[in-house]
1. If Lys and Arg each add +1 and Asp and Glu each add -1, what is the summed charge of the other residues whose beta carbon sits under 13 Å from the beta carbon of residue 24?
2. Got a sec? What order do 113, 26 fall in by accessible area at 1.4 Å, biggest, i.e. largest, first?
3. How big is the accessible area of residue 221 in square angstrom, nearest 10, if you roll a 1.4 angstrom probe over the protein chains?
4. Would you kindly derive the ³J(HN,Hα) couplings of the stretch 88-100 from the backbone phi angles with the Karplus curve 6.51 cos²θ - 1.76 cosθ + 1.60 (θ = phi - 60°), listing them in order in whole Hz, with x for Gly and Pro?
5. Mind checking the per residue accessible area of the stretch 110-187 for me, 1.4 Å probe, whole number of Å²?
6. Can you pull the Rg over Rh of the stretch 18-100, Cα-only, Kirkwood?
7. Multiply the residue separation of residue 188 and residue 78 by 0.36 nm, subtract the distance between their alpha-carbon atoms, and state the gained length in nm to one decimal.
8. If you take every residue apart from residue 38 with its C-beta less than 12 Å away from the C-beta of residue 38, what net charge results, scoring Lys and Arg +1 and Asp and Glu -1?
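The values are calculated or read from the model by the stated rules, or taken from the named source; none is laboratory data. Nothing here was measured: the structure is a model prediction, and the numbers come from that model. Methodologically, a virtual Cβ is constructed for each residue, glycine included, from the backbone with ideal geometry; neighbour enumeration extends over all protein chains shown. For accessibility, only protein heavy atoms count, side chains too; no ligands or nucleic acids. Shrake-Rupley method; radii C 1.70, N 1.55, O 1.52, S 1.80 Å.
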Amino acid sequence: MSTYNNVQSDSSEEVESWISIFCSMFGHDYFVEVAPEFIEDNFNLTGLSSLVPFFRDASDTILDLEPEVPIKAANVPLVEHAAEVLYGLIHARYILTKHGLRAMAEKYQDNCFGSCPRYYCQGMHLLPIGRYDQPGIETVRLYCPNCNDIYLPPSSRYLNIDGAFFGTSFAGMFLKMYPEIGTQCEKRTKQQFQLKLFGFSLNERAPGGSRMKWLRQHPQTKEELEEYKKCEFGIPKLTDEEDKKAKSDSGDEMLDVEKSKGSPGSQKDSGKEDEVAGTKGSGGESMMSIVKD
């Protein structure tokens, strides 16, 4: 009976997959588990074979499949590293899907990515983001939807994660998918810290001024919001009143130029030019007469 119970307990235990082991490693808290069905679809892996060496062996390793050709002992560490890079690039594509966004939303709600260190953001949750889509350029950064700025992770254990494993499009897709984050940002203050000296605010162009203030400026009034919406996708067209005003301003400038040309001073200058031209003409005629004589 004891042997039967041991066999039954062993069969009931599930073998942990490579994906779950990778996501549970130290410093891999930002990752979510990619569905094996997503990796098995070759369409989702388009273009990755040229970026990752040992592509076929790496994909088999991720899916816990036996390779068709045994891997050489010298290439085992290379294949393991290639599998990690390949999974990270697949992860960047997976978190743009509906299931991936939902998994990342759970981590965002649990504040797994940390809070913004800026005081006026009032603990706004951060999102992992990469500044480049190519691996091996820069590590992961954290994006704040409130101040629209990026920060380094608070712990050094996340500095080994490549930013390409999250990509440049995830934060924008996440905010479009969950617009309630925008309402949370609106409730938070948009106040900027202003450095003062004896009660007077320093000029923003001064060495100690708020030179980065323009990065966090948001429309306050309805007019500014409408102008922002017009400028979001292109150059706004002038209204009829603005067009007439611009034309009238340009017409006034032309009249001023014409008036300046018709002023007494300009007439005197033109008279002087005529006199000089006349003297030149008379001198030429006298020379011709001397030559004839």
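1. On the way: positive: none; negative: 16, 29, 33.
Local net charge: -3.
2. Working: 113 5, 26 160 Å².
So the residues, ranked largest to smallest area, are 26, 113.
3. Residue 221 exposes around 70 Å² with every protein chain in place.
4. So the J values, rounded to whole Hz, are x, 5, 5, 4, 5, 7, 5, 6, 8, 8, 5, 5, x.
5. Working: 3960 Å² over 78 residues.
Computed with neighbouring chains in place, this is 51 Å² per residue.
6. Working: Rg = 12.5 Å, Rh = 13.2 Å.
Here Rg/Rh amounts to 0.95.
7. On the way: separation 110, 0.36 × 110 = 39.60 nm, distance 4.76 nm.
Between residue 188 and residue 78, full extension yields an extra 34.8 nm.
8. On the way: positive: 93, 98; negative: 33, 37, 40, 41.
With Lys, Arg at +1 and Asp, Glu at -1, the neighbours total -2.
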